[in-house]
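The values are calculated or read from the model by the stated rules, or taken from the named source; none is laboratory data. What you see is a predicted model, and the numbers here were worked out from it, not measured in a lab. Reconstructed Cβ throughout: ideal geometry from the backbone, glycine too, with neighbour counts over all protein chains shown. All accessible areas refer to the heavy atoms of the entire protein, side chains included, with ligands and DNA or RNA removed. Shrake-Rupley method; radii C 1.70, N 1.55, O 1.52, S 1.80 Å.
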Amino acid sequence: EEILPTLSAKLVPEFGQGFGPRNLARMIRFAEVFPDRAIVATLSKHLGWSHFIEIISLDDSIKREFYAELCRVEHWSVRTMREKIQGMLFERT
């Protein structure tokens, strides 16, 4: 509970607001969900950080891969991806 706010307090003055506790938690989750650098390199060419924020919130790894790949192939916006997730496209497919 104290590590992220403490680390954030040290990083924000030097690197900016992007290193707040919430974003640090997202960065940690991102590293846990996407440990393979090759996959990240491929996806990051097509998806933005906002896409990744939505994808890392999904609990099922197969579901994450499904939406990441469809975003990459079909060039979905974040709004479109959210609609597809809320519409349960993975479950219906």
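Here the chain has 55 percent of its accessible surface on carbon and sulfur atoms, given a 1.4 Å probe and all protein chains in place. Computed on protein heavy atoms with a 1.4 Å probe, the accessible areas place D59, D36 in the order D59, D36, largest first.
Under 9 Å from the Cβ of I56, count the other residues' Cβ atoms, weight Lys and Arg +1, Asp and Glu -1, and hand me the total. Mind showing how you got there, number by number?
Details: positive: R26, R29, R64; negative: E32, E54.
Here the charged neighbours net out to +1.
Mind checking the full-extension length gain between E69 and I39? Use 0.36 nm per residue of separation minus the Cα-Cα distance, one decimal, nm.
Numbers: separation 30, 0.36 × 30 = 10.80 nm, distance 1.06 nm.
Stretched out fully, the E69 to I39 stretch lengthens by 9.7 nm.
Packing, taken as the mean count of other beta carbons within 10 Å per residue, orders the peptides 87-93, 67-73 from highest to lowest as 67-73, 87-93. Placing a label point 7 Å from the Cα of S77 along the Cα-to-Cβ direction, the residues of the range 12-46 whose backbone N falls under 18 Å from that point are 46. Starting at 0 and stepping by 10 Å, how many percent of the alpha carbon pairs of the chain end up in each bin? Reading the bins upward from 0: 15, 42, 29, 12, 1. Taking a point 7 Å out from the Cα of A9 in the direction of its Cβ, the residues of the range 19-62 whose backbone N falls within less than 20 Å of it are 19-26. Solvent-accessible area per residue in the chain equals 70 Å², computed with a 1.4 angstrom probe and all protein chains kept. Using just its DSSP H runs of length 4 or more, each adding -39500 (n - 2.57), the chain gives a mean residue ellipticity at 222 nm of -21500 deg cm²/dmol after division by all residues.
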